[in-house]
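To start, the structure itself, in structure tokens.
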Amino acid sequence: PIPQTGKPQGFTGLVGEYSIKASANPTQVNVGDPITLTLTVTGPDYLENVTLAELGKQPALAQDFKIPEEIAAGKSYGNKKVFTQTIRAKHPEIDEIPAIELPYFDAKQKKYLIAKSKPIPITVKATRIITAGDAEGAESSQISKSELETLTRGIAYNYEDLSVLKNQEVGLSVW
């Protein structure tokens with residue numbers, strides 16, 4: 001049995017010798033654009049049951065990227081397994097996708113190790129947030145930044161029992 005002490009965060013039960021490589025496409029994006037992150041894990045001959053820890057739990061990656069919780073199961077090719085994941089940059093100050101970590105237990109060395117991919121350089125451009133005023137063609141000086149207010153007329157007003165809406169914390173608001 002492998003030791004319970006010293007187990008690194010994100011350990012998914014991999015035993016043997018492993019390495020991980022990462023690539024991304026595209027590497028020049030706007031904030032929020034999808035980036036396909038491809039992770040190739042190399043290890044023992046049988047990798048069918050190999051899984052990755054949630055990428056969202058890798059702090060260096062999660063602080064700068066939006067990462068879905070699910071990751072594809074991956075495809076095995078002999079002693080390699082390839083995983084793909086879409087990530088999105090949160091801000092334009094990002095200049096790389098950080099190293100992806102793969103914790104494992106090396107049975108020969110009898111200790112936990114962490115394989116790491118190389119960081120991937122990327123360029124992230126800022127994007128402009130489109131407002132309702134932009135869609136209407138209004139100039140920015142005409143757009144007021146008021147708080148949301150609950151409607152007292154319209155479809156919500158026509159609803160016969162507004163107490164049901166209030167009790168269910170359901171309401172209609174406008175900007």
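The numbers here are math on the coordinates, done by the rules we state, and not lab data. These numbers come from a predicted model, not from an experiment. Neighbour counts run over all protein chains shown; Cβ positions are idealised from the backbone, glycine included.
3J(HN,Hα) couplings calculated from phi for the range 89-100 with the Karplus curve 6.51 cos²θ - 1.76 cosθ + 1.60 (θ = phi - 60°) are, in sequence order, 5, 8, 8, x, 7, 6, 10, 7, 8, x, 4, 9 Hz; Gly and Pro show x. Under 5 Å from the amide H of THR127 lie the amide H atoms of VAL31, each residue being 5 or more positions distant or on a separate chain, with H modelled from the backbone and absent for Pro and chain starts. The 3J(HN,Hα) values that the Karplus relation (6.51, -1.76, 1.60; θ = phi - 60°) gives for the range 59-76 are, in residue order, x, 4, 7, 5, 5, 10, 10, 7, 10, x, 5, 7, 10, 4, 4, x, 10, 8 Hz. Gly and Pro appear as x. Within the range 16-40, what residues put their amide N at less than 17 Å from the label point 7 Å along the Cα-to-Cβ vector of ASP106? Residues 16-21 fall inside that zone.
Under the classification rounded if a/c is under 1.5, otherwise prolate if a/b is larger than b/c and oblate if not, where does the range 1-85 fall, given a ≥ b ≥ c as square roots of the Cα gyration tensor eigenvalues? Cα axes put the range 1-85 in the oblate bin. Check each of the GluC sites (Glu not before Pro) in the range 1-63 and keep only those in coil by DSSP with at most 14 other C-beta atoms within 10 angstrom; list them in order. Sparse-neighbourhood loop GluC sites (Glu not before Pro): GLU48.
A cut-off under 10 angstrom between Cβ atoms defines the neighbours of VAL82, and their net charge, with Lys, Arg +1 and Asp, Glu -1, is +4.
A cut-off of 5 Å between modelled amide H atoms, ignoring neighbours fewer than 5 places along the same chain, links THR27 with no other residue. Taking LYS116 as the anchor, which lysines have their alpha carbon closer than 29 Å to its alpha carbon, excluding any fewer than eight residues away along the same chain? Qualifying lysines at Cα under 29 Å: LYS7, LYS21, LYS57, LYS66, LYS75, LYS80, LYS81, LYS90, LYS108, LYS125.
Could you list log10 I(q)/I(0) for the range 44-95 at q = 0.13, 0.16, 0.18, 0.27 Å⁻¹, which the Debye formula gives when each Cα is one point scatterer? Once normalised to I(0) and log-transformed, intensities are -0.40, -0.56, -0.65, -1.00.
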